[in-house]
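Chemist: Supplied in structure tokens, the structure appears directly below.
The values are calculated or read from the model by the stated rules, or taken from the named source; none is laboratory data. None of these values were measured; they are calculated from a predicted model. Every residue, glycine among them, receives a Cβ derived from its backbone with ideal geometry; neighbour counts consider all protein chains shown. The area values use the complete protein model at the heavy-atom level, side chains included, leaving out ligands, DNA and RNA. Shrake-Rupley method; radii C 1.70, N 1.55, O 1.52, S 1.80 Å.
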Number of protein chains: 2
Amino acid sequence: MHISAKLEEAAKAKRTTFSFEFFPPKTAQGVQNLYDRMDRMHGFGPAFIDITWGAGGRHSQLTCDMVKVAQSVYGLETCMHLTCTDMEKSKIDEALKEAYSAGCTNILALRGDPPREKEKWESTAGGFKYAKDLVKYIRDTYGNHFDVGVAGYAEGCDDQRDTDLLIDHLKQKVDAGATFIVTQMFYDVDIFLGWVQKVRDRGITVPIIPGIMPIHTHASFMRRATWSKCHIPAEWTKALEPVKNDDAAVREVGKGLVTTMCKRLIDAGITHLHFYTMNLAQSTRMVLEELSVLPDLESKELPWRRSLGLNRRDENVRPIFWRNRKASYVARTQDWDEFPNGRWGDSRSPAFGELDTYGIGLKGTNEQNIKLWGHPQSLKDVADLFVRYMQGKVDSLPWSESPISNEVDSLKEGLVDLNSRGILTINSQPAVNGVSSTHPVHGWGPRHGFVYQKAYIEVLVSPELISELITRIERNPDITYHAVNKHSDLKSNVAEEGPNAVTWGVFPGKEIVQPTIVETVSFLAWKDEFFRLGEDWAKCYDAASPSRYLIENLMDTYYLINIVHNDFHETHGIFPLFHGLSIKDLDMPFHKVNGGDSTLSVRPHIKLHDSQPVLN
Amino acid sequence: MHISAKLEEAAKAKRTTFSFEFFPPKTAQGVQNLYDRMDRMHGFGPAFIDITWGAGGRHSQLTCDMVKVAQSVYGLETCMHLTCTDMEKSKIDEALKEAYSAGCTNILALRGDPPREKEKWESTAGGFKYAKDLVKYIRDTYGNHFDVGVAGYAEGCDDQRDTDLLIDHLKQKVDAGATFIVTQMFYDVDIFLGWVQKVRDRGITVPIIPGIMPIHTHASFMRRATWSKCHIPAEWTKALEPVKNDDAAVREVGKGLVTTMCKRLIDAGITHLHFYTMNLAQSTRMVLEELSVLPDLESKELPWRRSLGLNRRDENVRPIFWRNRKASYVARTQDWDEFPNGRWGDSRSPAFGELDTYGIGLKGTNEQNIKLWGHPQSLKDVADLFVRYMQGKVDSLPWSESPISNEVDSLKEGLVDLNSRGILTINSQPAVNGVSSTHPVHGWGPRHGFVYQKAYIEVLVSPELISELITRIERNPDITYHAVNKHSDLKSNVAEEGPNAVTWGVFPGKEIVQPTIVETVSFLAWKDEFFRLGEDWAKCYDAASPSRYLIENLMDTYYLINIVHNDFHETHGIFPLFHGLSIKDLDMPFHKVNGGDSTLSVRPHIKLHDSQPVLN
């Protein structure tokens, strides 16, 4: 959606909205950390985010990548910055094309700073000289596809302090097709409001978004202010100087100063605030809290985050398996021509991407992962790790990127019990029988609706137990399952192929929405990823180490089984299946598999040929 | 589905199945009556039905039409008879093509009787001489698309009494590609079983279906037996002779004789019985009841009858408006390339057929309709007619082809009340909050499922009341509506276009099924049909008559409004909207509309351009 349209909506509703600016971090780990932070900051409810332009080869590619991930994985409406610095026309074309295919529809067109080695800005041969040229070029090339913003300089810019002249330039940029203005940071509201008046007097009517820099530390506050040459009001200096060596106090005082500034802007009729986050969440969040503009509750359109990728905006059905690995799901499905809308449809046609795509394997270095997950010596150690994850004492597992969600609170006791018995739980959801769509834990979708879930669990089960478990399942006509090991030995009681909706919602005036399904072909794609992640984990340890042997052994012999209780009135229908099942000698080192009979005589048995299941 | 596949299934399950044979009636009224009967006999659960070939121009076209209607409107798996009599190859081609496009996949290939004017059968120039030639031609032309059956003559046929020679012919027909055999009628089980043994000895292994003629009257029994030259066992004559002048007693005795015969066949290993119904239901039903093979309950795959038309077999979503006019819905959508499966989808693309297609207008002659619906002189008379329909005292209304369904039993009191106040109810369903899919009234779909409905009502409302009604509706965020008059003045509170699922089901291992929706574009198509049917009714009366004037006046000024209560937990959420609303002077002749303000200031208001609604 265009930023100018969002601003118009907010202005009509007299609602204060806000946005966050991020820049491409220097290291791969920094990028990953920022993604995690962007994911959490989605919960603050920004109208959009900005990704600044990383001038020069690798950095500019990173900007494009980040725009794509923000749009498609995290569902953040994203504005891509684009500068003329060091950019020939062909590079501009490439960047716009990437933004287009990421589903991005907003560009902030800038001239940019001079390249590092030069003092004065020079245009690149075959490139653009002024931001207005870039604006015009984007308009000429893409018509109204992109909303194009430009920068406003209330206190002059680096190489031009004459603000009147800069307003002339601004007028030219707007005349060239810009539809909104984002200003440089400032601290003096009087200067800003005076400048806005001048801009309006000059006949510029497009929305003006003030750029707000929250205060993180005293040093960074001073550095930024000096660098941007903006005026610091006397009372700011007076308030900050006495606490300058106490970071927490600086943030607290800074919060008050920035909040007061924002309130004055809102009182003056400004409805949107743009925060220069410096890739940090805390200071910005403190100001937003103080302004009381944070949403009470993250209102969820679907149980999972809707993607804003090109062609993906209507996607509203996904398999449950990737619930804790959304980036991987988006990556493995990115080449689909069409995304499921309303129903999953024929599951055979779309192919899941290969595992070697960027972002599928285990995140983090071996050292980091060993620090997180320790040196398990026995299945008991692994079981304990899973128990600690369930209890919120470990933040991730090889198959779960994020801490355990409060959605499984009602199952926690049962999950802890299963794990402590060596039955490792990978994914689960409780049954939900038509609670309000505004329910604090299970709610999603429009108001006045009702949402449902079938109880679901996915566990990694020892070959000792799998036969007995499947026998128990097949006694209950309400329960369906798929079990598979690394060697693609698949068993299921799902006679017909076809998806099983495990989450759905009923809303006024709408068709039924069924955003989460369980289905054979995608389970097999998930299975590959599951065992690969386990192997990645094993490889964190030395080749001859007990941990390596233990985890490899689990991956080689255990079964991944998903179980759906189809009667969603049954809150605790799945756990009884496991009554009395447990692994003998849980704490034996090098846990040995008894029997080792990995081919079970369970019907219906599906054999795999070229990953296409055939019932026999 | 192929008949031979059905027979194989039934044989494996050791389940007795049966089928019905109908012939094309001579008059249009006869055809309509037979359709109604076929519709009711669907409830008996036949595995398939046969339509015999009406040799000669108009009659052969009627066979094709009936096959199409049986398949697509009534969802009956149909076998089309086809004879060589008077059929050049081009006519055979034409008939096969029609069967193909009707979704019919079963043909009974016959030589046929000699044309009426001739005594001896002769082949037509450019046609086929023997049934075996026809079998071979169908196989050569359509491969395995059609299952092809042939006739078996246990007691000889019209021009050939040598049963051994006829078994040779039968062998040739099977060798040419026939996959099942249907026998001529017979009464002597010993003769039949002896013949079956001979057929098997001859190396013919395809299934043999005995043709059973239930006894309707003594005269028809004698006529049929004489005509087919089949042997009547002595005990039959002995049992029937004494009661031959009492039709009811003949049917009762005949039921016993035919049932005993069928039981012997079943004991001898026959699993399928084919009934020559003579287009009558009663005698056949009596035998089926006696054999205890009638289903306890019509098991419904969907709330409405699934069509077996070509391309329609996967159709599983329909608008609710045509619930009482399924033939018309099938006719008006027959040219669609795709039918909604899983979701209604974009409602703008498919166009509904024109009203002048066969089968859309009011059925029956003016005299018949006047007999049914009387000479209403005032709105009160119309209201009384609707009340009597609700009470089951009138079998149809211009907008409802069939008697009131027991589905609305729980609403009956409220519906009678509304109609008695001059608010005419056209269609309705109660709210259903997740009852079992095997529920005797509301159940449909596979076992172990749960079905839901939103409360729905469609009423014809006087312009006096419509504004107040809409004002009340718009106070309740759970209620959505569309109101429209003949002049396409549409009002609705459905902001976004898009279908509203009003019936849905949740089943083990399946996506949510949502077979009934309410939606703007199809409501407008239904509206055209609704007012047209009302005008057809008006035209049953003389031009200057009070009834004509009254009904035309209703059609010209009243609003058709559909109302959905989106909270399906509310069993009686809609009726309170009408509290205290009623028409003044209900029994005033030539009911005059007070005010006559037919353009209401209600938002959102949709204007129509080329039947494409645009919100303004």
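Chemist: For residues that are among the basic types (Lys, Arg) and open to solvent by less than 40 Å² (accessible area, probe 1.4 Å), tally how many sit in the stretch B:110-151.
Modeler: Of the residues in the stretch B:110-151, 0 are among the basic types (Lys, Arg) and open to solvent by less than 40 Å² (accessible area, probe 1.4 Å).
Chemist: Oh, and also: Within the stretch B:365-380, track down each residue that is open to solvent by 50 Å² or more (accessible area, probe 1.4 Å) and either in a loop (DSSP other than H, G, I, E, B) or free of Cβ contacts under 8 Å to residues at least 60 places away in the same chain (or both).
Modeler: B:365, B:367, B:368, B:371, B:372, B:375, B:377 - these are the residues of the stretch B:365-380 that are open to solvent by 50 Å² or more (accessible area, probe 1.4 Å) and either in a loop (DSSP other than H, G, I, E, B) or free of Cβ contacts under 8 Å to residues at least 60 places away in the same chain (or both).
Chemist: Just to verify a result, which residue in the stretch B:559-594, among those that are touching a Pro at 6+ places or on another chain (Cβ under 7 Å), away from chain A (no Cβ under 14 Å) and in a loop (DSSP other than H, G, I, E, B), is modelled with the highest pLDDT?
Modeler: Of everything passing the filter in the stretch B:559-594, B:571 is modelled with the highest pLDDT.
Chemist: I'm trying to understand the selection: among the residues of the stretch A:59-80, which are over 13 Å from residue A:107 (Cα atoms), hydroxyl-bearing (Ser, Thr, Tyr) and out of contact with any Asp or Glu (no Cβ under 7 Å at 6 or more places or on another chain)?
Modeler: Within the stretch A:59-80, A:60, A:72 qualify.
Chemist: Search the stretch A:303-329 for residues being open to solvent by less than 10 Å² (accessible area, probe 1.4 Å) and aliphatic (A, V, I, L, M), and hand back the single one that is modelled with the lowest pLDDT.
Modeler: A:317
Chemist: Let me ask something additional. Within the stretch A:510-523, does at least one residue satisfy the condition of being more than 14 Å from chain B (Cβ to nearest Cβ) and farther than 30 Å from residue A:450 by Cα?
Modeler: Checked the stretch A:510-523: no residue is more than 14 Å from chain B (Cβ to nearest Cβ) and farther than 30 Å from residue A:450 by Cα.
For (1) open to solvent by less than 70 Å² (accessible area, probe 1.4 Å); (2) not basic (Lys, Arg), each residue gets a yes or a no:
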{"residue": "B:153", "(1), (2)": "yes, yes"}
{"residue": "B:186", "(1), (2)": "yes, yes"}
{"residue": "B:202", "(1), (2)": "no, no"}
{"residue": "B:222", "(1), (2)": "no, yes"}
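A quick yes/no check of all residues on (1) without any contact (Cβ under 8 Å) to a residue 60 or more places away in the chain; (2) surrounded by 18 or more Cβ atoms within 10 Å (Cβ to Cβ); (3) not in a helix (DSSP H, G or I):
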| position | (1), (2), (3) |
| --- | --- |
| B:170 | yes, yes, no |
| B:190 | yes, no, no |
| B:197 | yes, no, no |
| B:205 | yes, no, yes |
| B:210 | no, yes, yes |
| B:215 | no, yes, yes |
| B:239 | yes, no, no |
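Chemist: Does the stretch B:540-548 contain at least one residue that is assigned to a loop (DSSP other than H, G, I, E, B) and farther than 30 Å from residue B:586 by Cβ?
Modeler: So far as the stretch B:540-548 goes, no, none of its residues is assigned to a loop (DSSP other than H, G, I, E, B) and farther than 30 Å from residue B:586 by Cβ.
Chemist: Yes or no: residue A:166 in contact with a Leu (Cβ under 9 Å, 6 or more places away or on another chain), in a helix (DSSP H, G or I) and either surrounded by 15 or more Cβ atoms within 10 Å (Cβ to Cβ) or at pLDDT below 95 (or both)?
Modeler: Taking the combined requirement at face value, the residue does not satisfy it.
Chemist: Do we have any residue at all in the stretch B:343-351 that's at negative phi, in contact with a helix residue (DSSP H, G or I) (Cβ under 6 Å, 6 or more places away or on another chain), surrounded by 15 or more Cβ atoms within 10 Å (Cβ to Cβ) and at pLDDT below 90?
Modeler: For the stretch B:343-351, residues at negative phi, in contact with a helix residue (DSSP H, G or I) (Cβ under 6 Å, 6 or more places away or on another chain), surrounded by 15 or more Cβ atoms within 10 Å (Cβ to Cβ) and at pLDDT below 90: present.
Chemist: OK, next. Kindly list the number of the only condition in (1) touching a residue at least 12 places away in the same chain (Cβ under 8 Å); (2) open to solvent by 10 Å² or more (accessible area, probe 1.4 Å); (3) not in a helix (DSSP H, G or I) that fails for residue A:451.
Modeler: Unmet condition: (2).
Chemist: Looking at A:339, A:275, which is the one that is open to solvent by less than 70 Å² (accessible area, probe 1.4 Å) and outside the structural domain of residue A:431 (by TED's automatic domain parsing)?
Modeler: Criteria check complete, one pass: A:275.
Chemist: Which numbered condition trips up residue A:178, out of (1) assigned to a helix (DSSP H, G or I); (2) closer than 19 Å to residue A:81 by Cβ?
Modeler: Going through the list (1) assigned to a helix (DSSP H, G or I); (2) closer than 19 Å to residue A:81 by Cβ, residue A:178 breaks only (1).
Chemist: Across the stretch B:462-497, which residue is surrounded by the fewest Cβ atoms within 10 Å (Cβ to Cβ) among those that are over 34 Å from the mean Cα position of the chain (by Cα), under 24 Å from residue A:449 (Cα atoms) and acidic (Asp, Glu)?
Modeler: B:496
Chemist: Taking the condition of being β-branched (Val, Ile, Thr) and within 8 Å of another protein chain (Cβ to nearest Cβ), how many residues in the stretch B:491-509 meet it?
Modeler: 2
Chemist: While we're here: Are any residues in the stretch A:296-327 in a helix (DSSP H, G or I) and within 15 Å of the chain's Cα centre (by Cα), and if so, which ones?
Modeler: Across the stretch A:296-327, the qualifying residues are A:322, A:326, A:327.
Chemist: Name the single residue that is farthest from the other protein chains (Cβ to nearest Cβ) among those in the stretch A:422-444 being open to solvent by less than 20 Å² (accessible area, probe 1.4 Å) and in a loop (DSSP other than H, G, I, E, B). Let's see the steps before the verdict.
Modeler: Just the residues of the stretch A:422-444 that are open to solvent by less than 20 Å² (accessible area, probe 1.4 Å), to begin with: A:422-432, A:434, A:437, A:443-444.
Filter again for in a loop (DSSP other than H, G, I, E, B), leaving A:422-423, A:430-431, A:437, A:443-444.
Working: A:422: 29, A:423: 23, A:430: 16, A:431: 12, A:437: 12, A:443: 16, A:444: 15 Å.
The selected residue is A:422.
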